[in-house]
Each structure stands twice: as structure tokens, then as C-alpha cells.
Amino acid sequence: MKEKSHLLDLAAQANVTISALDARGLYTTVIGASDGSVGGAQVQRNKAQTQADSMVLNEDVLADLADGTAGTYFRNSNDMEGGFQALTAVPEYVYLLEMSLQSVKQDGAYHSLKVKLNQDGLKLQARRGYFAPKPANSKNMK
């Protein structure tokens, strides 16, 4: 999470937008016959759960990077041409909100963010949180 937050910080500083296309298209987390059937029912359930968790975690990273940089994340579709069109479409308006970290305790802790809109019909993309800066170490100060 820290690395993802740092990457989002760097992208914001460099005015970079990250977009992603999930090339899996429509997929299922159910283990198929070709994935092997060695082991009992509990082993198969555990294997299926591990595979499902892994797929969701991979998707979450891509979604967070896209949302945190005002990019697009195209997923759950086999329409790759439509996906590439969605990725290359330029939004009509983009607003960048910044916040001051002056009153934030410099402890390196994660802080979740919640941004709301008071108007219907708009699409909101925002970071889910950030890590507070850590205090400067006297050893590193030269």
C-alpha cells in the first residue's frame, strides 16, 4: 500500500495519468477442469478461494492506480476495441483538488480519504487515501 501511495504521489507531481485494460476480459474465479483436481473437496475450495482472492487483489491495484490519477480502468468486457477507445478518450473536464498536510501528524500512518459530489450526473475519481509524511531523520539531514 505504501508503494502504491508513493506511486500516486509521484504521478500527481508529474501530472501523469495511469490507465489500464484488464486483458482477461470476462473471467471467472472458478477453477476449471484443466487446473487439476488433485486433493479433496476442502483442498479444492481453498485453491479456488486463493485464486479468487489473487484475481481481486490484482484488479484492485489497477483500479486504485487509475482512480488515483484520473485514469480509466477498463475491465469485465471482451470488447478490447471498446476498451482501447475508452482508455484513449479525453475527459471533458478534470479538476485537481489538493490539501495541506500542515496539520497532519507526521507519523507515516495511512489516512483514508472520502470525496463527495453534491451534483448528480458527474463521475468522481479520487485516491482512497494517503500516507502521512514521516518526520525527517536527523541522520538524513545534511
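Lysines near residue 134 by alpha-carbon distance under 29 Å, same-chain residues fewer than 8 away left out - which ones? Output for residue 134: 2, 4, 105, 114, 116, 142. Of 78, 99, 15, which is farthest towards the positive pole of the range 2-131's charge dipole, taken about the Cα centre with +1 and -1 on the beta-carbons of Lys, Arg and Asp, Glu respectively? Result: 99, furthest along the dipole toward the positive end. Residue order for 84, 74, 131, fewest other beta carbons within 10 angstrom first, comes to 84, 131, 74.
In this structure, residue 136 and residue 54 have a Cβ-Cβ separation that, at R0 = 30 Å, corresponds to a calculated FRET efficiency of about 0.20. Computed over the range 2-131, the range of Cα coordinates on each principal axis works out to 56, 41, 29 Å, biggest value leading.
Each reported figure results from applying straightforward, stated rules to the coordinates on display, with no laboratory input. Only a predicted model underlies this, so the values are computations on that prediction, with no experimental measurement involved. Using ideal geometry, Cβ is built from the backbone for each residue, glycine included, and neighbour counts are taken over all protein chains shown.
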